[in-house]
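Presented below is the structure to which this report refers.
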Amino acid sequence: MLKTGILNPAINHLLSRVRHTNTVVIADRGFPFWPEIETVDISLVDGIPTVLQVLDAMRSNFVIGHAMMAAEFLDANPESVRQDFVKTLAGIPLAYEAHVEFKKRIPGAIGLIRTGDTTQYANIILTSA
């Protein structure tokens, strides 16, 4: 029985299949569904869990080479929210691109973890190092 780290078996199964340069998406509650990739839905209620809570849990056992977010995140959220993301992604190169282009990358991901986050454009594509 797992006692520490990520306890969710579906997330553990998803992350165990990620290899060098593969991607995983952590998404907010409103992010579209792609039937061609595995989706682990852990949304409970609005705001639980958040994208940052999932990212923080993953960081201890998942080597992230870089992260990508939609550029619209920057305009849609206050400075405090933007700084929370920068803080949680500390040490990980972060790039932004138009949301339309961002979504084109999703079908190439190993999988997607859907949260209950209500932060606008809080979606992150993580590339394994």
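The values are calculated or read from the model by the stated rules, or taken from the named source; none is laboratory data. If you're wondering where the values come from, they're calculated on a predicted model, not measured in any experiment. Using ideal geometry, Cβ is built from the backbone for each residue, glycine included, and neighbour counts are taken over all protein chains shown.
Part of a loop (DSSP other than H, G, I, E, B), closer than 28 Å to Lys3 by Cα, of a type in the set (Phe, Trp, Tyr) and within 14 Å of the chain's Cα centre (by Cα): does that describe Phe31?
Judged against the criteria, Phe31 is not a match.
If the requirement is being at pLDDT 95 or above, surrounded by fewer than 16 Cβ atoms within 10 Å (Cβ to Cβ) and out of contact with any Cys (no Cβ under 8 Å at 6 or more places or on another chain), which of these qualifies: Gly111, Gly116, Gly65? Spell out the reasoning first.
On the way: Gly111 fails: surrounded by fewer than 16 Cβ atoms within 10 Å (Cβ to Cβ); Gly116 fails: surrounded by fewer than 16 Cβ atoms within 10 Å (Cβ to Cβ).
The conditions single out Gly65.
Could you look through the range 119-129, keep only residues that are at pLDDT 95 or above and closer than 20 Å to Leu14 by Cβ, and pick out the one that is farthest from the chain's Cα centre (by Cα)? Break it down into steps so the answer makes sense when it comes.
Looking only at the range 119-129, we keep the residues that are at pLDDT 95 or above, and these are 119-128.
Within this subset, residues satisfying the condition of being closer than 20 Å to Leu14 by Cβ are 122-128.
Numbers: Ala122: 8, Asn123: 6, Ile124: 4, Ile125: 6, Leu126: 6, Thr127: 10, Ser128: 12 Å.
Of everything passing the filter in the range 119-129, Ser128 is farthest from the chain's Cα centre (by Cα).
Among the residues in the range 70-90, are any in a helix (DSSP H, G or I), surrounded by fewer than 18 Cβ atoms within 10 Å (Cβ to Cβ), over 14 Å from the mean Cα position of the chain (by Cα) and at pLDDT below 95?
Taking every residue of the range 70-90 in turn, none turns out to be in a helix (DSSP H, G or I), surrounded by fewer than 18 Cβ atoms within 10 Å (Cβ to Cβ), over 14 Å from the mean Cα position of the chain (by Cα) and at pLDDT below 95.
Looking at (1) without any contact (Cβ under 8 Å) to a residue 24 or more places away in the chain; (2) in contact with a strand residue (DSSP E or B) (Cβ under 6 Å, 6 or more places away or on another chain); (3) aliphatic (A, V, I, L, M), which is the one condition that is false for Ala90?
Of everything listed in (1) without any contact (Cβ under 8 Å) to a residue 24 or more places away in the chain; (2) in contact with a strand residue (DSSP E or B) (Cβ under 6 Å, 6 or more places away or on another chain); (3) aliphatic (A, V, I, L, M), Ala90 misses just condition (2).
Checking Val100 against (1) free of Cβ contacts under 8 Å to residues at least 60 places away in the same chain; (2) closer than 23 Å to Asn8 by Cβ, only one condition comes out false. Which one?
Condition (2) is where Val100 drops out.
Which one is surrounded by the most Cβ atoms within 10 Å (Cβ to Cβ) among residues in the range 1-35 that are more than 30 Å from Asn77 (Cα to Cα) and basic (Lys, Arg)?
Going through the qualifying residues, I end up with Arg17.
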